[in-house]
Amino acid sequence: MATDWFRVMLTHYAETAAGLAHQLRDAHIDHDAFEMLLRPCTLERCSATCCYDGVYLSEEEARGVEWLVDKERGRFVEYGLKLPQKVVETVRNGMSQKTAVRVAEPDELACDFPNHFNKTRCVFLDSLGRCGIQSLCMEDGLGEWYLKPLTCWIHPVVILPAGRQRTRPVITLVNAVNDPQKKDDYPGFASCTHCGREDAGGQVAWKVLEKELRALGELAGRDIYGELSAPTIDY
């Protein structure tokens with residue numbers, strides 16, 4: 001049965017969204033990066049590869065996910081999920097929180113699953129790679145992303161914060177060369193997932209990611225998609 005304890009909005013995580021919106025309003029858009037060719041995300045092809053390690057959470061999101069499971073654990077069981085008692089775990093020496101993961105079954109992984117990714121799955125994924133949180137949102141008419149952590153649904157879009165290397169935040173996509181997660185023994189994250197990997201048979205990224213870019217624009221009060229799709233003016 002659908003519940004009525006949420007208002008229909010873009011996201012439940014108002015504090016987290018406000019922090020992101022603050023960055024987005026002042027951010028430089030990396031137009032060149034969004035000309036990269038991508039294929040649209042399909043579970044049949046990727047089997048939710050990007051969810052292999054769960055997702056890092058803000059304090060607000062961690063509280064929200066735990067509250068949601070406490071309130072709706074029975075519905076997650078109906079979706080075929082076997083959630084552990086603790087669905088949020090503390091990592092990085094207590095500095096961060098993320099959703100828990102489970103061992104992946106061999107038939108749950110994409111045929112080209114990256115070798116450097118652990119063979120694990122976010123505990124909110126069912127055997128077909130569908131997100132239980134997203135299923136609940138859609139069943140309740142809340143919009144598919146309302147209760148999902150923001151980092152989940154903006155992927156593969158990256159917002160690089162201002163700092164020593166840049167005076168303004170940057171809205172961008174990463175590639176195999178500049179992936180910020182790339183290390184000597186780890187070739188990268190976003191650039192190695194299906195929806196973030198360059199594909200000569202794809203379309204320009206700003207078209208493929210229209211839904212995500214429009215949602216980010218709604219958060220920021222800025223037409224991010226319009227800025228990316230506007231025609232080039234030749235003076």
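The values are calculated or read from the model by the stated rules, or taken from the named source; none is laboratory data. For clarity, every value in this text was computed on a predicted model and none was experimentally measured. Cβ atoms come from the backbone with ideal geometry, glycine included; neighbour counts cover every protein chain shown. All accessible areas refer to the heavy atoms of the entire protein, side chains included, with ligands and DNA or RNA removed. Shrake-Rupley method; radii C 1.70, N 1.55, O 1.52, S 1.80 Å.
Structure data summary
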item	result
Euclidean distance between Cα centres, the stretch 79-137 to the stretch 20-55, Å	19
Relative contact order for the chain, counting Cα pairs under 8 Å that sit 6 or more residues apart, in percent	32
Accessible surface, 1.4 Å probe, highest first, among residues Glu89, Glu15, Glu66	Glu15, Glu66, Glu89
Test item: Cα-centred dipole of the chain, Lys/Arg +1 and Asp/Glu -1 on Cβ, debye	440
Modelled FRET efficiency - R0 25 Å, Arg166 with Glu66, Cβ distances, 0.05 increments	0.15
Given charges at Cβ of Lys, Arg, Asp, Glu: the stretch 26-78 dipole, positive-most of Cys46, Met36, Ser58	Cys46
Residue-averaged 222 nm ellipticity for the chain, from DSSP H runs of 4+ at -39500 (n - 2.57), nearest 500	-8500 deg cm²/dmol
Size descriptor, Kirkwood hydrodynamic radius, that averages inverse alpha-carbon separations across the stretch 105-176, Å	15.0
GNM top mover of Leu68, Leu20, Leu219 - the chain, alpha-carbon springs below 10 Å	Leu68
In nm, spacing of pseudo-spin labels at Lys82 and Val204 (7 Å Cα→C-beta vector)	4.8
Cα gyration tensor shape of the stretch 35-109, rounded if a/c is under 1.5, else prolate or oblate by comparing a/b with b/c	oblate
Structure-derived log10 I(q)/I(0) by the Debye sum over Cα atoms at q = 0.08, 0.11, 0.13, 0.17 Å⁻¹ - corresponding label in [x] -0.30, -0.59, -0.84, -1.48; [y] -0.50, -0.68, -0.78, -1.07; [z] -0.28, -0.53, -0.74, -1.18	[x]
Added length on full extension, which subtracts the Cα-Cα distance from 0.36 nm per residue, Lys211 to Ala21	66.8 nm
Accessible-area ranking of Glu227, Glu139, largest first, probe 1.4 Å	Glu139, Glu227
